[in-house]
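Visitor: Just dropping this structure here.
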Amino acid sequence: MKLDSGSINFRLFYLPAEINDSIVKNFEKRLAPPLESLGVDPLTGWVGGRFPLDRDLSEETAVIGPYVTVQTLKMERKIPKKLLSSVCKQEELKLMALRQVNFLSNSDRKEIRENTAKQLKPNMPPAIENISCVVDLRNKLLVSDAMSDKQILALTVAYREATGHAPKVLDPASAALKRKHLNATDLKPARFSPDQEVSTPSEQSLGSEFLTWLWWAWEKGDNIWKLPDDRSFGIELEGPIYLHRHDTGARRVSLHDGEVLMSAEAETALRLGKTVTKIKLTVAFGDLTIKCSIDDSFSFRSVALPKSKQREYNALVEERMAAIELLHTAFFTIYDEFLEQRFSDQTWRRISKEISKWIETMPERRGEKLKEKAP
């Protein structure tokens with residue numbers, strides 16, 4: 001996650017309320033060793049947020065307004081797979097020629113591989129892996145580019161070791177519990193298909209239900225929303241769009257070209273009981289617009305932030321982080337409204353019927369749109 005330029009990917013994590021002014025010192029205590037000390041064993045630790053080898057980690061460098069910018073760092077010497085296999089093959093052929101045999105045992109091949117790795121590894125250039133993090137002190141959130149399960153686990157362990165507290169991934173279920181004290185396990189799976197032969201899903205997917213609901217709400221004209229501080233913002237949805245039914249093992253449908261939100265392919269997927277797993281979202285605050293792709297786990301990808309005239313690093317980072325805060329605040333403002341409807345049995349029965357009707361009438365709306373475009 002490059003904080004000062006370009007598009008970014010990020011996930012949000014809830015942090016415990018015990019965040020205090022000593023958090024930077026906690027990271028400092030687990031400062032990554034210098035690159036020069038790297039041997040054959042990996043080195044790990046924390047560094048500053050400006051670049052992956054930023055060992056100048058202090059309150060002066062890491063604290064930018066209400067944000068603390070840091071990174072996890074892992075350094076190790078890695079042998080490229082092709083190099084290792086090629087050298088191993090070379091040694092195997094030598095040994096077979098020496099023994100005058102046509103094959104080697106598994107134990108021989110294993111020994112060759114281990115010895116080859118020991119010889120090559122000290123001469124390999126360092127490889128570095130980093131996970132960028134911004135601690136949002138004001139909202140008690142962690143913003144990070146840890147997107148995969150492996151990265152999330154690594155970040156969780158490193159953060160807990162440094163601070164004594166583990167961050168919790170902000171996903172549809174944890175957001176419902178934290179924001180509205182609602183438990184997603186209390187819900188039965190939603191059914192939107194207007195076709196009676198399509199069964200209700202056996203698995204409930206709150207994030208996918210929300211994105212499908214958002215598509216319906218946006219198309220019926222719910223395009224202007226208000227933040228908690230009463231500021232207005234607008235939204236726009238567009239393709240590519242991905243749909244999937246979680247309990248059938250059916251293939252994911254991905255629609256990319258043309259007006260995919262009105263396409264017959266999208267209608268067919270919805271009729272088969274599929275729901276949205278990823279869609280492109282634009283959020284607009286007056287002239288300020290932010291584009292991103294959002295999926296049903298609430299991962300924000302390809303986030304295009306507004307261009308800035310700032311040149312000084314700290315001012316630029318603070319401005320971009322403020323835009324990220326606007327984006328997720330707007331997104332979860334909409335999610336709050338969905339939760340209120342989703343957890344009200346009477347309201348949700350009505351909404352489900354309206355969404356089914358919306359799917360059923362897609363051909364009519366598609367026909368009307370074609371007439372509008374006709375010369």
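Visitor: List, please: which pairs have Cβ atoms under 8 Å, are six or more places apart or on different chains, and start with a residue in segment 256-273 that is closer than 17 Å to Thr361 by Cβ and end with one that is open to solvent by 70 Å² or more (accessible area, probe 1.4 Å)?
Guide: Final answer for the pair search is Glu259/Lys369; Met262/Lys369.
Visitor: Hey, could you check segment 258-285 for residues that are over 22 Å from Ala304 (Cα atoms) and among the hydroxyl-bearing types (Ser, Thr, Tyr) and say which is surrounded by the fewest Cβ atoms within 10 Å (Cβ to Cβ)?
Guide: Across segment 258-285, the extreme among qualifying residues is Thr268.
Visitor: Could you tell me whether Phe51 is assigned to a loop (DSSP other than H, G, I, E, B), under 24 Å from Val317 (Cβ atoms) and among the aromatic types (Phe, Trp, Tyr)?
Guide: Numbers: assigned to a loop (DSSP other than H, G, I, E, B): yes; under 24 Å from Val317 (Cβ atoms): yes; among the aromatic types (Phe, Trp, Tyr): yes.
Against the criterion (assigned to a loop (DSSP other than H, G, I, E, B), under 24 Å from Val317 (Cβ atoms) and among the aromatic types (Phe, Trp, Tyr)), Phe51 qualifies.
Visitor: I'm trying to understand the selection: among the residues of segment 231-284, which are touching a Pro at 6+ places or on another chain (Cβ under 9 Å), within 16 Å of Glu203 (Cα to Cα) and charged (D, E, K, R)?
Guide: Arg245, Asp247
Visitor: Out of the residues in segment 112-165 that are among the acidic types (Asp, Glu) and open to solvent by 60 Å² or more (accessible area, probe 1.4 Å), state the one that is farthest from Val63 (Cα to Cα). So that I can check it myself, show each step before the final result.
Guide: As a first pass, look at segment 112-165 and keep what is among the acidic types (Asp, Glu): 114, 129, 136, 145, 149, 161.
Narrowing the set further to residues that are open to solvent by 60 Å² or more (accessible area, probe 1.4 Å) leaves 114, 129, 149, 161.
Numbers: Glu114: 45, Glu129: 23, Asp149: 28, Glu161: 20 Å.
Top of the filtered list is Glu114.
Visitor: So, of the residues in segment 213-263 that are modelled with pLDDT under 85 and small (Gly, Ala, Ser), which turns out to be nearest to Ala284 (Cα to Cα)?
Guide: Gly258
Visitor: Restricting to segment 110-135, name every residue that is among the hydrophobic types (A, V, I, L, M, F, W, C) and without any contact (Cβ under 8 Å) to a residue 60 or more places away in the chain. I'd like the intermediate steps shown before the answer.
Guide: Looking only at segment 110-135, we keep the residues that are among the hydrophobic types (A, V, I, L, M, F, W, C), and these are 112, 117, 120, 124, 127-128, 131, 133-135.
Of everything in segment 110-135, those that are among the hydrophobic types (A, V, I, L, M, F, W, C) and without any contact (Cβ under 8 Å) to a residue 60 or more places away in the chain turn out to be Ile112, Ala117, Leu120, Met124, Ala127.
Visitor: Among the candidates Ser86, Ser144, single out the residue that is small (Gly, Ala, Ser), closer than 26 Å to Pro42 by Cα and in contact with a helix residue (DSSP H, G or I) (Cβ under 9 Å, 6 or more places away or on another chain). Full working, then the answer.
Guide: On the way: Ser86 fails: in contact with a helix residue (DSSP H, G or I) (Cβ under 9 Å, 6 or more places away or on another chain).
Going through Ser86, Ser144 in turn, the sole match is Ser144.
Visitor: Quick check on segment 290-309: of everything there that is of a type in the set (Lys, Arg) and closer than 14 Å to Ile279 by Cα, which residue is nearest to the chain's Cα centre (by Cα)?
Guide: Applying the filter and picking the extreme gives Arg301.
Visitor: Checking Thr277 against (1) touching a helix residue (DSSP H, G or I) at 6+ places or on another chain (Cβ under 7 Å); (2) part of a strand (DSSP E or B); (3) in contact (Cβ under 8 Å) with a residue 40 or more places away in the chain; (4) over 30 Å from Ser199 (Cβ atoms), only one condition comes out false. Which one?
Guide: (4)
Visitor: I've got another one for you. Determine which member of the set Ile79, Ile112, Ile152, Ile131 is out of contact with any Ser or Thr (no Cβ under 9 Å at 6 or more places or on another chain) and at pLDDT 95 or above.
Guide: So the residue among Ile79, Ile112, Ile152, Ile131 that is out of contact with any Ser or Thr (no Cβ under 9 Å at 6 or more places or on another chain) and at pLDDT 95 or above is Ile112.
Visitor: So which residues in segment 193-233 are within 20 Å of Ala173 (Cβ to Cβ), of a type outside the set (Asp, Glu) and open to solvent by less than 40 Å² (accessible area, probe 1.4 Å), if there are any at all?
Guide: Pro201, Ser205, Leu206, Gly207, Ser208, Phe210, Leu211, Thr212, Trp213, Leu214
Visitor: Next question. If I ask for residues that are of a type in the set (D, E, K, R) and at pLDDT 95 or above, which ones from segment 281-317 would you list?
Guide: Lys291, Asp295, Asp296, Arg301, listed by residue number.
Visitor: Residue check, Asn20 against (1) touching a helix residue (DSSP H, G or I) at 6+ places or on another chain (Cβ under 8 Å); (2) closer than 20 Å to Ile64 by Cβ; (3) polar (S, T, N, Q), all met but one. Which one?
Guide: The single condition Asn20 does not satisfy is (1).
Visitor: Those residues that are more than 26 Å from the chain's Cα centre (by Cα) and more than 16 Å from Ile19 (Cα to Cα), I need them from segment 58-77; list them, please.
Guide: Within segment 58-77, Ser58, Glu60, Thr61, Arg77 meet the criteria.
Visitor: Could you grab me the full set of residues in segment 286-308 that are surrounded by fewer than 16 Cβ atoms within 10 Å (Cβ to Cβ) and among the hydrophobic types (A, V, I, L, M, F, W, C)?
Guide: Result: Leu288, Ala304.
Visitor: Here is a check on your reading of the model: is Leu177 surrounded by 17 or more Cβ atoms within 10 Å (Cβ to Cβ) and either closer than 30 Å to Phe338 by Cα or without any contact (Cβ under 8 Å) to a residue 12 or more places away in the chain (or both)? Full working, then the answer.
Guide: Values: surrounded by 17 or more Cβ atoms within 10 Å (Cβ to Cβ): no; either closer than 30 Å to Phe338 by Cα or without any contact (Cβ under 8 Å) to a residue 12 or more places away in the chain (or both): yes.
Considered against the rule, which asks whether it is surrounded by 17 or more Cβ atoms within 10 Å (Cβ to Cβ) and either closer than 30 Å to Phe338 by Cα or without any contact (Cβ under 8 Å) to a residue 12 or more places away in the chain (or both), Leu177 comes out as no.
Visitor: I want to confirm something. Restricting to segment 1-60 and keeping residues that are without any contact (Cβ under 8 Å) to a residue 60 or more places away in the chain and hydrophobic (A, V, I, L, M, F, W, C), which single residue is nearest to Asp136 (Cα to Cα)?
Guide: Val24
Visitor: All but one of (1) of a type outside the set (Phe, Trp, Tyr); (2) in a helix (DSSP H, G or I); (3) open to solvent by 40 Å² or more (accessible area, probe 1.4 Å); (4) over 23 Å from Asp222 (Cβ atoms) hold for Arg311, so report the exception by its number.
Guide: The number of the failed condition is (2).
The values are calculated or read from the model by the stated rules, or taken from the named source; none is laboratory data. Please read all numbers here as calculations on a predicted model, not as lab measurements. When we count neighbours, we look across all protein chains shown, and the Cβ atoms used for this are built from the backbone with ideal geometry, even at glycine. We work out accessible area using only protein heavy atoms, side chains counted, and drop any ligands, DNA or RNA first. Shrake-Rupley method; radii C 1.70, N 1.55, O 1.52, S 1.80 Å.
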